[in-house]
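Data block below; observations after.
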Amino acid sequence: MTLLGWIQIALFCAAVLALAKPLGFYMARVFDGERTLLSPVLVPVERALYRLAGIDARHEQGWLGYGLAMLAFHVLGFVLLYAVLRLQDLLPLNPAGQGAVAPDLAFNTATSFVTNTNWQNYGGESTLSYLSQMLGLTHQNFLSAATGIALAMALVRGFARSSAKTVGSFWVDLTRCTLYVLLPLCVILALFLVFQGMPQTLGPYVEATTLEGVKQTIAVGPVASQVAIKMLGTNGGGFFNANAAHPFENPTALSNFVQMVAIFALGAAMTNVFGRKVGDERQGWAILAAMGVMFLAGTVVTYWAESAGSPVLNALGLPGGNLEGKEIRFGIVGSALFAVVTTAASCGAVNAMHDAFTALGGMIPMINMQLGEIIVGGVGAGLYGMLVFVIVAIFVAGLMVGRTPEYLGKKIEAREVKMAMLAVLCLPLMMLGFTALATVTAAGLAGPANAGPHGFSEILYAFTSAAANNGSAFGGLSGNTPFYNTTLGFGMLVGRFFVIIPALAIAGSLAGKAVLPASAGTFPTHGGLFVGLLVGVILIVGGLTFFPSLALGPIVEHFAGSAGQTFATGG
Amino acid sequence: MVSRTSSLFSYALIGPALLGSLRKLDPRAMIRNPVMFTVEVVAALTTLLFLRDVFAGGSDLLFSAQIILWLWFTLIFANFAEALAEGRGKAQADSLRRTRTEMTAKRLTGTGRDYETVPGASLKVGDVVLVEAGDLIPSDGEVIQGVASVNEAAITGESAPVIRESGGDRSAVTGGTQVISDEIRVRITAAAGSTFVDRMIALVEGAARQKTPNEIALNILLAGLTIVFVFAVATIPSFASYAGGSIPLIVLVALFVTLIPTTIGALLSAIGIAGMDRLVRFNVLAMSGRAVEAAGDVDTLLLDKTGTITLGNRQATEFRPVRGVSEQELADAAQLASLADETPEGRSIVVLAKEKYGIRARDMAGLNATFVPFTAQSRMSGADLDGSSIRKGAVDSVIASVTGQPMATRGSSAALAYHPAAETEVVGEVRAIAEEIAKAGGTPLAVARDGRLLGVVYLKDIVKGGIRERFSELRQMGIRTVMITGDNPMTAAAIAAEAGVDDFLAQATPEDKLALIRKEQAQGKLVAMCGDGTNDAPALAQADVGVAMNTGTVAAREAGNMVDLDSDPTKLIEIVGIGKQLLMTRGALTTFSIANDVAKYFAIIPAMFLTLYPQLQALNVMGLASPQSAILSAIIFNALIIIALIPLALKGVTYRAVGAASLLWRNLLIYGLGGILVPFVGIKAIDLAVSALHLA
């Protein structure tokens, strides 16, 4: 651990915090339909889009209508993507003559992009045609991100509104998010990345002659624009197979830093939007603080574990940090911080191989996801996931002030608790349930590349990443099999929609309640006490569930490694 | 209540509670409590498997037997908590029941005094009965004729008799109470089985207990957590098989039962029953648990000025003569006018004149005086003596009687307004003094002698001692207090300021009260009030917490959701405290229960996985002796903590009237942090005992 490393971490936090307020201000105005800097250009476009689609922008939906619109949109998006993948050999823009994608892989891939997961069981350039890439990546990268933000807005309105029947219009939220937030920010980010040396071209691959005189083909393409939305939309699907470790996808230390900030930017800003909408920015800061506490704790552990290096190698007289699977350009801090950021937010882009992290260093990304991607989290998804935990925390401890628990003037009652618990339940069911299935079936056991606890971690990480809609891979697991394609795909669907739908139901039920003015008897939810309580409940309710599985994976690996013991590599 | 045993564990209660806790093992009763029902299912299944192992010859039978025994103990302890809470109510119910046995009624057959003697139980609603001195009133009813003093000790525990009379706000009588003097005719308003006493019995016995909204939500949360731990534990065998081993079922069962929130699950219903019981001991009957819970949530308290904020009586504190009249002269006249006035105000005038001006009270007969009593029409009283007439009364009435102009309508602020016509200088002066007094929160009483205005007596409302502090406590708790009074706005404002209430409603009619409640509720606030008259009934019914006075009318008692047997409106404040305490106790034990899981994981996980990976011994931070003793200690702790917390569940956590922030801080420290730390210590201690006794 070095001073420079800590400075980089501190700078990162400062940048995210500095962006949260202005972005929050801008987004709050956008979703209220108020005038912004970009309105002169974009309002006509927005109106034209509504006219084209036959949408009445003033018509708002109740939670059920909002949810049905969202589901219909996703079913359609899924079917379209699945069809394109299955029929890509018959469709245009397939110069490499890629064959049809297998049914299980097509299911997995379509699900992966629709749910903002971007888990990659396919091999990019070796499986997909240009059309598939464009429809799969580009289209869903924007829309799945916009969906997350739209749903968070619906829940925010549930808290902010008093005795209302509606929570907004899905179509309007989706359009405004894409048009006013994602597109302009992507343009700015893409230009910056190009300035850092990232390729942005539709031209052919570059031929180069090496010093030995060998001809080499260097892949280029519209990288910068793809990377911009991949980060801002917490999608994580890389342009190149090596993702953010590739020099063209992450050319400099500065691009590495900016990409990390981009991952957190919108998620952190959403907490500010929340604060503004409920009329007290401190409420947003408190949520962000709870996220920040867990983020910093994770960063410190990972940075420490990676800097300390492998106990086995240290014992062999090879001291120093763990650099296996890391880009030397980014070093330990750049990789450790990136790993924590990408798993805390549901991004899934990687600039190092998490599989090659130390046992504890690799455990933190896993815990980040197991908590449900609420540490900043996926754009929008992080906020609504966090608010679900807020409801649980408020209900557990809120009674202790001698009143029916309230949050922001809304009484938390049976219905909200029921929905929140439903959302909380689905993640351990998917993550632990499928891991349990995989560890006792031959098809599942065929996946991991390592034996012993590390192989177990590979399986656990895969299902954790899928259900949390992260999409990062631990590596080492052969996931493109009918078993993993199907189970991972199913995990992604449940992990996305069984959180979204209860969250929407909560939005609907909260919107209908009157806002109680705060009094001295109200549970204060903007101070350090609340932040501590929230973190405690998240760790105990959300985290302890995974303690047995973590004990059998990274924890035992860590203790075994400390004792100089390794596990034989097997199947 | 007749008997108010205040000790927490009366030994007489423990025996029946133990029996009750076995009877409650009936799954049909257990299913009401999802967490404990889960434990019961698990315990029953493991018992069956154990029996199979006994015959098939399994290993580690002693260890399994101990775990299973503690599972059943966990259940029995939970039931014991509930049975104990119910038992305390049952003792009270029994004493109530004694009052109702073998009652006969004198049912009137006509309009005269002819009656037939029938058993009390055969009375129907609408029957009219005659109750004479010495008789027990056979059922709840309303006095339709007569006045009697009634001993209500059977219900209220207060032995001084109370007056019950037809008409007015004191017409309700309760079955089981005894008429001491005179006789009354009572129209029966409750059929046998649904009388007030019947309802009381059902309430204190817990038979009428329904889950409150908060309890339902909490049960959902606990059931949800239970399911989460099902996932956490049910997946372990697969993980273990990957690691090349297996985990005995009994160990998985132990882990599961210790992780699910059994502590709060076991004590939840005891907490609810004890909350009701606390109210009963406080001589308040809540008609539902929902009402008690609502009391904790109250945002606005409507308090009647008289009797709650001020002492019932106004006291004369000053004589304010007009120019040209001495204080002495005014005091003398006022005293003469009040000599025969037996109202507290009248007596206070006599006392003030005596103390301040040394005018001794004189004998009316000796003065050859006749007393002119107060009437609603004249709104004056006084005395006629030796051809001289002295009057005191409402300012406008006295002025009217002097000037001969018609009175302004009662209760209207116009009474104090300036009337230019027929206004003399002295009238103007009296009005000015009166206005000044009213502004200061007092009540002006004009005095005139033989058609000449002498001045004004300053009657002051005496605000109860300590009430200001109570209101500031309430404010810290976030509760707004609104004073309800019939006074004019000026007087009301002055008293409100003196008492420190947040707001007031002056010249309040029952309709105004109802409108105020609706307005508050429209903002999402919960409102509590108390009342006794029939005209209070709509407001009592509308309020979220309506406390009817036991002295009140049948209509008021029916409309409220609580009845205060002592008829003390100040109690509303304590009722709020009891409601809050109930919710806090639930929250505290929930937090404690969930926080306990941290230590239990650290006890069981290393023990469980030690055969798979000996390296996990490092997680045994408590240094527990052996895997078996670790698991056994965790499950024993889990069962014993229920017993240890029963007193807290029954007594409730300490409630202080401080702001939510400091309450939360304190409780999180005790029950959150304490909940994390206590089991580490407890499990370690039990482990030492277990290994010393060679139990595992």
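The values are calculated or read from the model by the stated rules, or taken from the named source; none is laboratory data. This is a predicted model, so every value here is computed, not measured. We place every Cβ from the backbone using ideal geometry, glycine too, and count neighbours over all the protein chains shown. Keep in mind that these areas ignore ligands, DNA and RNA; they rest on the heavy atoms of the full protein, side chains included. Shrake-Rupley method; radii C 1.70, N 1.55, O 1.52, S 1.80 Å.
Of note:
- Of all residues in segment B:89-109, at least one satisfies being assigned to a loop (DSSP other than H, G, I, E, B) and farther than 18 Å from residue B:173 by Cα.
- Output for segment A:524-558, where each listed residue is of a type in the set (Phe, Trp, Tyr) and surrounded by 22 or more Cβ atoms within 10 Å (Cβ to Cβ): A:530, A:546
- Number of the condition not met by residue A:50 [criteria: (1) more than 28 Å from the chain's Cα centre (by Cα); (2) hydroxyl-bearing (Ser, Thr, Tyr); (3) open to solvent by 30 Å² or more (accessible area, probe 1.4 Å)]: (3)
- Hits in segment A:500-553 (condition: touching a Pro at 6+ places or on another chain (Cβ under 9 Å), over 27 Å from residue B:257 (Cβ atoms) and either more than 10 Å from every other protein chain (Cβ to nearest Cβ) or aliphatic (A, V, I, L, M) (or both)): A:518
- Scanning segment B:281-295 for residues that are under 14 Å from residue B:547 (Cβ atoms), part of a helix (DSSP H, G or I) and open to solvent by 10 Å² or more (accessible area, probe 1.4 Å) turns up just one, B:294.
- Scanning segment B:561-573 for residues that are under 26 Å from residue B:519 (Cβ atoms) and open to solvent by 10 Å² or more (accessible area, probe 1.4 Å) returns B:561, B:569, B:570, B:571, B:573.
- Of all the listed residues (A:273, A:300, A:340), the sole one being in a helix (DSSP H, G or I), surrounded by fewer than 22 Cβ atoms within 10 Å (Cβ to Cβ), at pLDDT 90 or above and not hydroxyl-bearing (Ser, Thr, Tyr) is A:300.
- Residue in segment A:477-494 that is more than 14 Å from every other protein chain (Cβ to nearest Cβ), on the phi > 0 side of the Ramachandran plot and part of a loop (DSSP other than H, G, I, E, B) present: no
- As a summary of the residue check, residue B:133 satisfies the conditions (1) out of contact with any strand residue (DSSP E or B) (no Cβ under 6 Å at 6 or more places or on another chain); (2) assigned to a loop (DSSP other than H, G, I, E, B) except for the one numbered (1).
- Any pair with Cβ under 7 angstrom, 6 or more apart, that starts in segment B:567-580 at a residue that is on the phi > 0 side of the Ramachandran plot and ends at one that is in a loop (DSSP other than H, G, I, E, B) and open to solvent by less than 10 Å² (accessible area, probe 1.4 Å): B:567/B:550
Per-residue answers, yes or no, for (1) of a type in the set (Ser, Thr, Tyr); (2) surrounded by 24 or more Cβ atoms within 10 Å (Cβ to Cβ); (3) farther than 14 Å from residue B:304 by Cα:
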| position | (1), (2), (3) |
| --- | --- |
| B:491 | yes, yes, yes |
| B:496 | no, yes, no |
| B:499 | no, no, no |
| B:502 | no, no, no |
| B:505 | no, no, no |
| B:514 | no, no, no |
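- Residues that are more than 9 Å from chain B (Cβ to nearest Cβ), under 18 Å from residue B:238 (Cβ atoms) and open to solvent by 10 Å² or more (accessible area, probe 1.4 Å) within segment A:451-476 comprise A:451, A:454, listed in sequence order.
- Selection from segment B:352-377 of residues that are of a type in the set (A, V, I, L, M, F, W, C), more than 14 Å from residue B:391 (Cα to Cα) and touching a residue at least 24 places away in the same chain (Cβ under 8 Å): B:352, B:353, B:359, B:361, B:364, B:367
- Selection from segment A:392-435 of residues that are at the interface with chain B (Cβ under 7 Å from one of its Cβ atoms), surrounded by fewer than 24 Cβ atoms within 10 Å (Cβ to Cβ) and not in a helix (DSSP H, G or I): A:404, A:413
- Of everything listed in (1) on the phi < 0 side of the Ramachandran plot; (2) more than 24 Å from the chain's Cα centre (by Cα), the single unmet condition for residue A:286 is (2).
- Candidates B:368, B:313, filtered to the one that is polar (S, T, N, Q), surrounded by fewer than 17 Cβ atoms within 10 Å (Cβ to Cβ), out of contact with any Gly (no Cβ under 8 Å at 6 or more places or on another chain) and over 30 Å from residue B:474 (Cβ atoms): B:368
- Set B:252, B:225: member being closer than 28 Å to residue B:590 by Cα, assigned to a helix (DSSP H, G or I) and within 8 Å of chain A (Cβ to nearest Cβ): B:225
- Residue match in segment A:140-162 (condition: within 14 Å of chain B (Cβ to nearest Cβ) and of a type in the set (Ser, Thr, Tyr)): yes
- From the options B:244, B:307, residue that is open to solvent by 10 Å² or more (accessible area, probe 1.4 Å), within 14 Å of chain A (Cβ to nearest Cβ) and at positive phi: B:244
- Evaluation of residue B:271 against (1) in contact with a Lys or Arg (Cβ under 8 Å, 6 or more places away or on another chain); (2) in a helix (DSSP H, G or I); (3) more than 11 Å from chain A (Cβ to nearest Cβ); (4) not polar (S, T, N, Q) (one fails), failing number: (3)
- Scanning segment B:317-344 for residues that are open to solvent by 10 Å² or more (accessible area, probe 1.4 Å) and either touching a Leu at 6+ places or on another chain (Cβ under 6 Å) or assigned to a loop (DSSP other than H, G, I, E, B) (or both) yields B:321, B:323, B:324, B:325, B:326, B:339, B:340, B:341, B:342, B:343.
- Filtered residues of segment A:29-80 (kept if part of a helix (DSSP H, G or I) and either among the polar types (S, T, N, Q) or in the same structural domain as residue A:502 (by the TED database) (or both)): A:39
- The number of residues in segment B:513-530 being under 13 Å from residue B:503 (Cβ atoms) and either within 13 Å of another protein chain (Cβ to nearest Cβ) or among the polar types (S, T, N, Q) (or both) comes to 4.
Residues checked against (1) away from every other protein chain (no Cβ under 13 Å); (2) over 29 Å from residue B:35 (Cβ atoms):
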{"position": "B:568", "(1), (2)": "yes, yes"}
{"position": "B:574", "(1), (2)": "yes, yes"}
{"position": "B:582", "(1), (2)": "no, no"}
{"position": "B:590", "(1), (2)": "no, no"}
{"position": "B:602", "(1), (2)": "no, no"}
{"position": "B:609", "(1), (2)": "no, no"}
{"position": "B:624", "(1), (2)": "yes, no"}
{"position": "B:641", "(1), (2)": "yes, no"}
{"position": "B:646", "(1), (2)": "yes, no"}
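- If the condition is being among the charged types (D, E, K, R) and either open to solvent by less than 40 Å² (accessible area, probe 1.4 Å) or within 10 Å of chain A (Cβ to nearest Cβ) (or both), then segment B:657-695 contributes B:666, B:687.
- Exactly one residue out of B:149, B:181, B:166 is more than 11 Å from residue B:196 (Cβ to Cβ) and either touching a Gly at 6+ places or on another chain (Cβ under 8 Å) or open to solvent by 70 Å² or more (accessible area, probe 1.4 Å) (or both), and it is B:166.
- Inspection of segment A:27-47 identifies no residue that is small (Gly, Ala, Ser) and under 21 Å from residue A:466 (Cβ atoms).
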